[in-house]
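**Q** Got a structure here, written out as C-alpha cells. Questions coming.
Each value in this text was obtained by applying a stated rule to the coordinates, not by laboratory testing. Small disclaimer: the values here were computed from a predicted structure and weren't measured. Here the Cβ is made from the backbone with ideal geometry for all residues, glycine too, and neighbour counts use every protein chain on show.
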Amino acid sequence: MQNYVTIKENKDFKRLYFRGKSFVDPTFVMYVAKGRKGKLRLGITAGKKLGCAVNRNRAKRVIRAAFADVSPNIQKGYDFIFVARTRILNEKSNTVANGMKKQLKAAGVLVEIPSDKQFADKSY
C-alpha cells in the first residue's frame, strides 16, 4: 500500500526547489521541505538528459520503488522531490534505497525502527 501522496502541481515543485534543502547522491538529487498537509508527499522528475521515454520512466520507477521501501521509516509531514541523474539508469532499486536512506538520515527525517520491533511486525 502507498504511504505517500504524489506531488503534481508545478507550484509545489517550485516551492521545494527554492525553499527546500537539497541533498546530492550520484543517482539523484533530493529536495526536502516541511509540508503543510501533515502527510508524506513525493514528486519525481526525470529530464530528457536521461534519454528516451523508456529510460525516463525506468528512472522514475526505480526511485518510486526505493522510496516505497524507505517510506515507513520517514517522519510524516514532509515533501520530497527527487530529480533523477544519469547514473540511475545502471542501478537497481535496492542500491538507490541505500543511498536514499543515507540522504534521508543526513536530512534528519529518517526515524530508525529498533531491530526488535522490525521483526515483531513481520509474521512468518
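**Q** So, counting K/R as plus one and D/E as minus one, what does the shell of residues with Cβ under 12 Å around Gln2 add up to?
**A** Neighbourhood net charge equals +3.
**Q** Also, quick follow-up: Cα-Cα over 26 Å: which of Lys8/Lys34; Lys37/Lys92; Lys48/Lys76?
**A** Correct reply: Lys37/Lys92; Lys48/Lys76.
**Q** Another question, then. What number results when the radius of gyration of the chain, computed over Cα atoms, is divided by 2.2 N^0.38 Å?
**A** 1.06
**Q** Then there's this: Taking trypsin sites (Lys or Arg not before Pro) as candidate sites, keep only those in a DSSP loop with at most 14 other Cβ atoms within 10 Å, then name the longest stretch of the chain containing none of them.
**A** Result, exposed sites excluded: 40-75.
**Q** For the chain, what is the percent of antiparallel DSSP beta bridges, rounded to the nearest 5?
**A** Counting DSSP beta bridges with both partners in the chain, the antiparallel share is about 65 percent.
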